[in-house]
1. Can you name the residue in the stretch 294-349 that is among the polar types (S, T, N, Q) and under 20 Å from Ala72 (Cα atoms) and, of all such residues, is surrounded by the fewest Cβ atoms within 10 Å (Cβ to Cβ)?
2. Say we look at the stretch 91-140 and pick out the residues that are within 16 Å of the ligand (Cβ to nearest atom) and of a type in the set (S, T, N, Q); which of these is farthest from Leu314 (Cα to Cα)?
3. Determine whether the stretch 301-309 contains at least one residue that is under 30 Å from Val127 (Cα atoms), outside any helix (DSSP H, G or I), free of Cβ contacts under 8 Å to residues at least 24 places away in the same chain and not charged (D, E, K, R).
4. Which of the residues spanning the stretch 350-362 are farther than 21 Å from Gly248 by Cα and either in contact with a helix residue (DSSP H, G or I) (Cβ under 7 Å, 6 or more places away or on another chain) or surrounded by 23 or more Cβ atoms within 10 Å (Cβ to Cβ) (or both)?
5. Within the stretch 5-28, identify whether any single residue is in contact with a Lys or Arg (Cβ under 7 Å, 6 or more places away or on another chain) and either within 16 Å of the ligand (Cβ to nearest atom) or under 17 Å from Met388 (Cβ atoms) (or both), and answer yes or no.
6. Might you let me know whether the stretch 119-140 holds any residue that is within 17 Å of Thr263 (Cα to Cα), at pLDDT 95 or above, of a type in the set (Val, Ile, Thr) and open to solvent by 20 Å² or more (accessible area, probe 1.4 Å)?
7. Among the candidates Leu236, Leu222, which residue alone is part of a helix (DSSP H, G or I) and either of a type outside the set (Asp, Glu) or more than 16 Å from the ligand (Cβ to nearest atom) (or both)?
8. So which pairs qualify, if the first residue must be in the stretch 321-337 and β-branched (Val, Ile, Thr), the second must be part of a helix (DSSP H, G or I) and open to solvent by less than 10 Å² (accessible area, probe 1.4 Å), the Cβ gap must be under 6 Å, and the two must be at least 6 apart or on different chains?
Amino acid sequence: MKFNKSEWLFEQSQKRIPGGVNSPVRAFGSVGRTPLFIDRGEGSHITDVDGNRFLDYVCSWGPGILGHAHPAVVQAVQEACQKGLTYGAPTEKEWRLAELIHAAMPSVEKVRLVSSGTEAVMSAIRVARGYTGRDKILKFKGNYHGHSDGLLVKAGSAALTTAVPDSSGVPVSYTQNTLVALYNDTDSVGKLMEEYGDQVAAVIVEPVAANMGVVLPKAGFLEYLREITTRYGALLIFDEVITGFRLGFGGAQEYFGIVPDLTTLGKIVGGGMPMAAYGGRTDIMDMVSPVGPVYQAGTLSGNPIATTAGIVTLEILKEHPEYYKDIEQKARRLARAFQNRAKNWGEEIWVNQIGSLLSAFFTTGPVEDYDSATASDTKAYAAYFGAMLEQGVYVAPSQFEAMFVSAAHTEEEIEETCRVIEERK
Ligand code: HOZ
């Protein structure tokens, strides 16, 4: 396989773009290779600028649940483009999308559309602070909630594999109100709440952590968060940027049967366009300007092209609940392939899988929090990544990201991927 054009483009890009990329994990730094520059995506495949075609299990880090360039989404977007790209004024589509989100997640009685998951979380936290009149936020080590200042503390995603674990450029005073507990450890939450509970505006959690690799909540963990936040008058925020519309149409809150106060969404909700959302109970969301005193605004918020892609994607998912069972089964088959590989080759691999999300950690496991995730052998992961790539399978270029299965992946493609995993080149 030749990567000449990607190599050339990477060299050129590094002269004009920091690290040659617009998001750090894309630089392939932790797998020691040149990033692929992508030319196009169709269904379950992406093709790079050198003409190499890959089965894609990154799926744009989650949005691609229907695969690339789904014909109905593309057609609707093309039609919407003919009517203008942005107006900075309300449209019927914003309301239609809000209704679809509410139908999927009844806890989201009112919703604001924004442009990225980072913006959604940043805004939800402002609302929580405005609503409760409190300043502190409790987050979990290894949970990632975008790159806003107050949340880049013990974050996951590329913050785990870049040289700077938390970011420079963030004044200490900005993170003074951020408390950090351990994921899946109710004691650590209890202790912090005992000490600061009456100052905590919200507990924010990835209900399934998917930015330190995929880490499932232990039985009772989310229930405990619901109970303790209620007890202390703090809000519970589910960051469903990854799990929303992925674990099921109703996201993690439906999957686990927990009702959060606020929810943040991104990725799938925009159908592949830059869009995200935050929402929740009416009395909380009515804190947002122009009804209430919490300010949040955006020129491209509720953009008509993005809302079109979001609506069509959500409508397809709503009409096809069977997709969820199908992609879950496929993810389970992939998880088995990793277990077979470990058994056949004596390799240390621990697999976490839920719905269409999975991660193979190169460690003995169990992986249930930040420390057990980061005990993984990232060199072994890099070798696995390179071997997969050379055989036409594109997985996340980092141990600490998820593998995503889409409705476009066929049985045959899953079997082919399992063969590549099990053969261990
Ligand atoms: N934060 C994203 C993964 N969890 C990466 C987004 C990207 O590089 O596109």
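The values are calculated or read from the model by the stated rules, or taken from the named source; none is laboratory data. All values reported here derive from a predicted model rather than from experimental measurement. All Cβ positions, even for glycine, are placed from backbone atoms using ideal geometry, and neighbour counts span all protein chains on display. Remember, those area values only see protein heavy atoms, side chains included, never the ligands or the DNA or RNA. Shrake-Rupley method; radii C 1.70, N 1.55, O 1.52, S 1.80 Å.
1. Among them, the one singled out is Thr308.
2. The residue in question is Thr118.
3. no
4. Ala360, Phe361, Phe362
5. The answer is no; no qualifying residue exists.
6. So far as the stretch 119-140 goes, yes, one or more of its residues are within 17 Å of Thr263 (Cα to Cα), at pLDDT 95 or above, of a type in the set (Val, Ile, Thr) and open to solvent by 20 Å² or more (accessible area, probe 1.4 Å).
7. Step by step, each of Leu236, Leu222 is checked, and only Leu222 is part of a helix (DSSP H, G or I) and either of a type outside the set (Asp, Glu) or more than 16 Å from the ligand (Cβ to nearest atom) (or both).
8. Listed pairs, sorted by first residue: none to list.
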